[in-house]
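The values are calculated or read from the model by the stated rules, or taken from the named source; none is laboratory data. Given the structure is predicted, the values throughout are model-derived calculations rather than measurements. For neighbour counting, all protein chains shown are included, and Cβ atoms are generated from backbone atoms with ideal geometry for every residue, glycine included.
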Amino acid sequence: MASSDAALILPPGTVERGLRRSVRDYGSMVRWHLASLRIWLMMLGSVQALSGVGFVLGISLFYRNIPTSAALFVSTGVPVINLIMVGFVFGPQLVASQRTAGSYEFLRTLPISRAVTAAAWYTVCLISGIPAVVVSLVVAQLRYDLPLHISLMIVPAVLLTCLTGTMLGYALGHAVGNPMVTQLIAQLLVFVIFGFAPILYPIQQMPGWLADLNWWFPFRHMAVVVRAALTTSADPAVPTAYVVIGVWAVGAAALALWSLGRRP
């Protein structure tokens, strides 16, 4: 056998050891996040649940007799907000605070792969968002007796929606070096999501140019896939929505991992 071929052969058990280490590191990072942020995550989860319930119940104040279609649209849009808020808004602010406190560089020196670190943070965001989704939907069902029909597609819809929101926030937090700029952008994103993304209201109510612009962003498509998984409506835009969300997730993850790997 040629020496060049022999060099390509890994020692026995190398892959298994690498996989075991990744799993161990992943579990350690998840536990570290949950332990170090336990107060913040509990507070944020409570705020998410309360704000979700507030949207669900508050929409009825606009109507004497709220149409079922309006209640259903808002109630199936709120889970999207719950799923992306931690990773998309809180995540960048967390990174900014770590930069300010001086712990950011220390965390980057830990002997843990960037992919494992990102996966651990995604898991924490998922754990934080799902309880608020459940509470919001339960309250909506009790208040409006909605014709919800939860299909198995809720699993990929929830996982991909949360992944995309988390990776977008992760990319923002690590790509922007100025903590103050990061926090300002994160605050601005809250207004963008609620005011200019067709999540809680139909896209038909937006100006044509803004509706066309929203097609290129993932938020509209997040609402499409989650809403389709919670109702019986057959939306022909669902396959396209999954593609758009997936492209944004991959792009944001690539940017975040590159930002983590580069030196300032």
>> What pairs come out if I take residues in the stretch 54-67 that are under 22 Å from ALA132 (Cβ atoms) and in contact (Cβ under 8 Å) with a residue 12 or more places away in the chain and pair them with residues that are β-branched (Val, Ile, Thr) and in a loop (DSSP other than H, G, I, E, B) whose C-beta lies under 7 Å away, six or more apart or interchain?
In response: ILE59/ILE66; SER60/ILE66
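Here is a yes/no grid of residues against (1) surrounded by fewer than 18 Cβ atoms within 10 Å (Cβ to Cβ); (2) in contact with a Gly (Cβ under 6 Å, 6 or more places away or on another chain); (3) aliphatic (A, V, I, L, M):
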| position | (1), (2), (3) |
| --- | --- |
| GLN98 | yes, no, no |
| SER103 | yes, no, no |
| PHE106 | yes, no, no |
| LEU110 | yes, no, yes |
| SER113 | yes, no, no |
| TRP121 | no, no, no |
| ALA132 | no, yes, yes |
| LEU142 | yes, no, yes |
> What single numbered condition from (1) surrounded by fewer than 16 Cβ atoms within 10 Å (Cβ to Cβ); (2) at pLDDT below 95 fails to hold for VAL247?
Replying inline: (2)
> Of ALA223, ALA241, ALA228, ALA234, which residue is assigned to a helix (DSSP H, G or I), more than 16 Å from the chain's Cα centre (by Cα) and more than 30 Å from GLN98 (Cβ to Cβ)?
Replying inline: ALA228
> What are the residues in the stretch 27-43 that are over 19 Å from the mean Cα position of the chain (by Cα) and modelled with pLDDT under 85, if any?
Replying inline: SER36, ILE39
> In the stretch 181-195, is there at least one residue being among the aromatic types (Phe, Trp, Tyr) and modelled with pLDDT of 90 or more?
Replying inline: no
>> Need pairs with beta-carbon distance below 7 Å; first residue farther than 18 Å from VAL181 by Cβ and at pLDDT 85 or above and within the stretch 92-116, second hydrophobic (A, V, I, L, M, F, W, C) and in a helix (DSSP H, G or I); sequence gap 6+ or separate chains.
In response: ALA115/LEU257; VAL116/MET29
>> Being within 25 Å of ALA228 (Cα to Cα), within 19 Å of the chain's Cα centre (by Cα) and among the small types (Gly, Ala, Ser) narrows it down to one residue among SER69, SER75; which is it?
In response: SER75
